[in-house]
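Down below is the structure, laid out as structure tokens.
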Amino acid sequence: MDFEAREVKVVDHQQLTLQLKALFASQGLAVLSTSEHGQPYCNLVAFSSSDDLKNLVFATTRATRKFSNIGSEPRVSMLVDNRSNKVSDFHEAMAVTATGNASEVMGPARDALLKVYLAKHPHLEDFVMSPTCALMRVEVDRYYVVSRFQHVMVLKLKE
Amino acid sequence: MNLVIPLQAVAEAGVHRVGGKAFSLGILASRGIRVPRTLCVTTEAYDLYARSTGLLERISLELNRKDFSDMRWEELWDASLRIRSMFLNTAMPSTLVKKLMQPIEEFFGDARVAVRSSAPGEDSSEASFAGLHESYLNVAGIYPILDHIRLVWASLWSDAALLYRRELGLDVHHSSMAVTLQELVDSERSGVFFGRNPADPSQAVIEAVYGLNQGLVDGAVEPDRWIIHRSDGSIISHDAAVREGRMVPGPAGVVRAPLPPDLISVPPLDEGEVRRIVEMGMRVEGLFGAPQDMEWTMSGPDLYVLQARPVTAGGSGQADDRAWYRSLSRSYDNLTRLWARIEDELVPEMVSVAKRLDDHGLRDLDDGALAREIESRVELCALWERTYREHFIPFAQGMRLFGRFYNDTVRPQDPYEFMDLLRSDDLISIRRNRGIEDLAAVVRKDPSLAGALARGDLSRHPGFQQRVRSFLDEFGDLPCSTPGCAREGRVLYDVVLRHASRHDAGSQQSGRTTEYLEEYYLLFFPDEQQPFARELLRLARASYRLRDDDNIYLDRIKVHLKAALDEARKRLGPRADRVGDDDIPRALRDPSIISPVQPEAECVHAQAGFAVRMRQLVGQPAGSGIATGTARVVSSRQELSAFSPGEVMVCDAIDPTMTFMVPLAAAIVERRGGMLIHGAIIAREYGIPCVTGVPHAVELIRTGDVLTVDGYLGIVTIGEGTLQEATAGAQGHGGGCLGGTEAL
């Protein structure tokens, strides 16, 4: 893991990781952006993150537009934030944009990620267990962490 | 906070924590009235369970799949069954178990207890709806007790409670359920005291049975009844019951046992005991300040009050249709009697009525006689439709009774697993389809037959003609899809041709066999309970089979009405299009009543022309599997005749007259909701993906739309994969729903 710090010189690696984990735990939904021939397309998805922050997980049926989009363009972006729709959001809210590659999780990795996912969203069990539902993961390349309005950090997980 | 509190503490805890039943028992006990030894599990235990397990959100999801006003009663039952299944399959968190275990074990030890609902508000005088929630008698041991607490919690969401959700203020995030645990009294006689007779407010009523109260409450045992003067407690009248049985504790739960011969001629109460119960009832009324609906039981000389709640202003008679729905809930005994009546009397009568009606003679009737014939057939259909509503629909409860019993015992992940145990090749519609398929198989091998069928002339194929005749003898012709099709067999020819045009055939029996499932089911019962388990299965199978067949029997009568109407329309010519079926006899007698103006055609696809379109519709998963195909909206018999193999059938409701097209469908989408309805049953039989209960399905989906039908999740997606759509110049996305609703 590597940092590109902008605006600040010194970043407490551990503290940032903890902040991301806390944010991800506090939010049930994320905005997922896929694209279709260059046309971006956003959705709300119930998500969770793996403990090492390398994966963001969500579920979708295979008949959806987002699933089809990912099939032709796996590069996606996700946004997780804690805004509360108040003016104070400008200094208080934190928003994290993730970029990476999305794919359906198969094989042994699925069990572990499924467990993580259902621990956070137990009420989605029937949905996720349907044979028509795909468990998806975004293998994150970078997190763009925005706080205090203009404070932006980039957390690189992959080159 | 204590989740389990003794009766002495309920007053302090308050009715919102202990529920109405426990609260009034607390008051009775504090005034020295004898009540069973009781503990109360507070609403906080329910809240803790429902919140910490994610159940609350799952219930919300279930109940918000569609607008309540779009839900049929059958769908309420289905929703309730699924919620119950969630409770059955969701264990209590260990922290909660720890908190409940110690006080309950300490208080009851090995004693047998009754686990009863005590919902806050349930017994208040504003909303007294007796019997919405459940009670379980004769439960012993801490784990069975904990298990039954969950069942009582689940009954907060019973179908009856959902029916009265508005009156009850039922709400996922605010409603809760307390539970009372009562030591089971060794009941010799039991009953109710009704402090005010709904028929005459100056009277009170006592009902009494031998054994436990359960028999009286659920209608399994007929009670003796006394009418009492409220003013002086004197007996006005005594109606003796035909005393046959009583409910007694079994190895677990209660069982109905025959009454010992020496008790048959003896009323359960003598006059002195009647007086004693009246005195008790009046005393309790004095305590609460209003006439009471009080359950009591006697063990030796001791009289116990089991519960008391105010008599509601309107009595128990609810004037709306919901009372009819609730009356559908039948006991096993009642259903067994109904079964005999249907199979031995009603079905044979329907068959013979249908046979007696002769359509060949219709052509020879003059217009007046034809009008009379139509009227008499209308009346006949109405009569049998009433019979259908009064007897056949209630008998469908047999499946439901079994479904609950199966789920309570076997606890499957899929709450509809029991349906696989009921499947039958013996349904008329399935046998009929098999007959069609056999004919189609012959046509596939001999192409010259296809031409002959298309021409409607089988004279050169006597062997095949003979087979067609035996089919027609057994099943009759398939219902006409075009008015005026009088030539026998023509509809069948057409359908056989269609079946022949596709390769694969037959129902795809999936997975485990019925025999295997039956063995598996019976494994759950000790020897002494096996006979009952088998009997209930037999009843449910009959219910499943008749639920389907009865439609066909009814249709065999209705088809004759249609034949008579068709004859009339033929005579009236094109003018007939301006006359509704109801006015046909009048028009026959006096054609001048027919309006000269063509009524404006009703616009069925009101949505057409709007820029908004639906992308995804949600119903109930009623047949598992997934399929993509072109939609064929079938809203009339004519449209059914245009149905091609591989299309997705979209309709208001599949009735048995349409069943023979089902094997050709890639999937089925139905507006009418329910898991146990005809369309769902047939789709399951053929392993065809099916989604039912899609509001406005026939208006929102258009013939030609590409549909993906997800029969696992109950989702219908309209439109092709987005790639194709993009090249075709995409339009508005995700009609109104959050594009990702499916992931929410």
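Laboratory data are not the source of any read-out in this text; all were calculated from the coordinates shown. Quick caveat, the model's predicted, so the values are computed rather than measured. When we count neighbours, we look across all protein chains shown, and the Cβ atoms used for this are built from the backbone with ideal geometry, even at glycine.
Straight-line reach only, C-alpha to C-alpha below 23 angstrom: list the lysines that A:K54 could link to, leaving out same-chain residues fewer than 8 apart. A:K54 reaches A:K21, A:K66, A:K115, A:K120, A:K156, A:K158. Working from label points 7 Å from Cα in the Cα-to-Cβ sense, the A:K21 to B:R372 distance is 9.1 nm. In the stretch B:1-184, taking the dipole from charged Cβ atoms about the Cα centre, the farthest positive-side position among B:H148, B:A9, B:V172 is held by B:A9. Take each residue of peptide A:124-135, count the partner chain Cβ atoms within 10 Å of its Cβ, and average: the result is 6.
Farthest towards the positive end of the charge dipole of the stretch A:38-158, among the residues A:V154, A:A112, A:S130, is the Cα of A:V154, using unit charges on the Cβ of Lys, Arg, Asp and Glu.
Taking every residue in B:708-717 and counting other chain Cβ atoms within 10 Å of its Cβ, the average works out to 5.
Specify the angular offset, from 0 to 90 degrees and rounded to the nearest 10, of the alpha carbon long axis of helix B:347-356 from the longest principal axis of the alpha carbons in chain B. The angle comes out near 30 degrees. I'd like the orientation of helix A:13-26 relative to chain A: the angle between its Cα long axis and the longest Cα principal axis, in ° from 0 to 90, rounded to 10. Approximately 50 degrees, to the nearest 10. Lysine pairs in the stretch B:332-585 whose alpha-carbon atoms fall under 26 angstrom of each other, counting only those eight or more residues apart or on distinct chains, come to 5. If you wrap chain B in the convex hull of its Cα atoms and look at it from every side, the mean projected area works out to 38.8 nm². Taken along the Cα-to-beta-carbon direction at a fixed 7 Å, the label points for B:N64 and B:H229 span 6.0 nm. Here B:I277, B:I27, B:I342 are placed in order of increasing Cβ neighbour count within 10 Å, fewest first, which gives B:I27, B:I342, B:I277. Karplus-based coupling profile of the stretch B:261-273, in residue order and whole Hz: x, 5, 8, 4, 8, 10, x, x, 10, 8, 4, x, 6, with θ = phi - 60° in 6.51 cos²θ - 1.76 cosθ + 1.60 and x standing for Gly or Pro.
Entry note: the stretch B:185-312 has Rg to Rh equal to 0.96, where both radii use alpha-carbon atoms and Rh is the Kirkwood radius. Counting only alpha carbon atoms, the long axis of helix B:142-154 and the longest principal axis of chain B meet at about 50°.
Net charge dipole, the protein assembly as shown: roughly 1640 debye, given to the nearest 20, about the Cα centre with Cβ charges of +1 for Lys and Arg and -1 for Asp and Glu. Computing Rg and the Kirkwood Rh from the Cα coordinates of the protein assembly as shown gives a ratio, Rg/Rh, of 1.02. Among B:S85, A:S77, sorting on how many other beta-carbon atoms sit within 10 Å of each Cβ, with the fewest leading, yields A:S77, B:S85. Counted by neighbouring Cβ atoms within 10 Å, the residues B:T659, B:T297 run from fewest to most as B:T297, B:T659.
A Förster radius of 30 Å, combined with the Cβ-Cβ distance separating B:A9 from B:Y143, puts the computed FRET efficiency at roughly 0.75.
Across peptide A:27-34, the mean count of Cβ atoms from other chains lying within 10 Å of each residue's own Cβ comes to 2. Couplings for the stretch B:33-45, taken from phi via the Karplus curve 6.51 cos²θ - 1.76 cosθ + 1.60 with θ = phi - 60°, read 7, 6, 10, x, 4, 9, 10, 10, 9, 6, 4, 4, 5 Hz in order; Gly and Pro are left as x.
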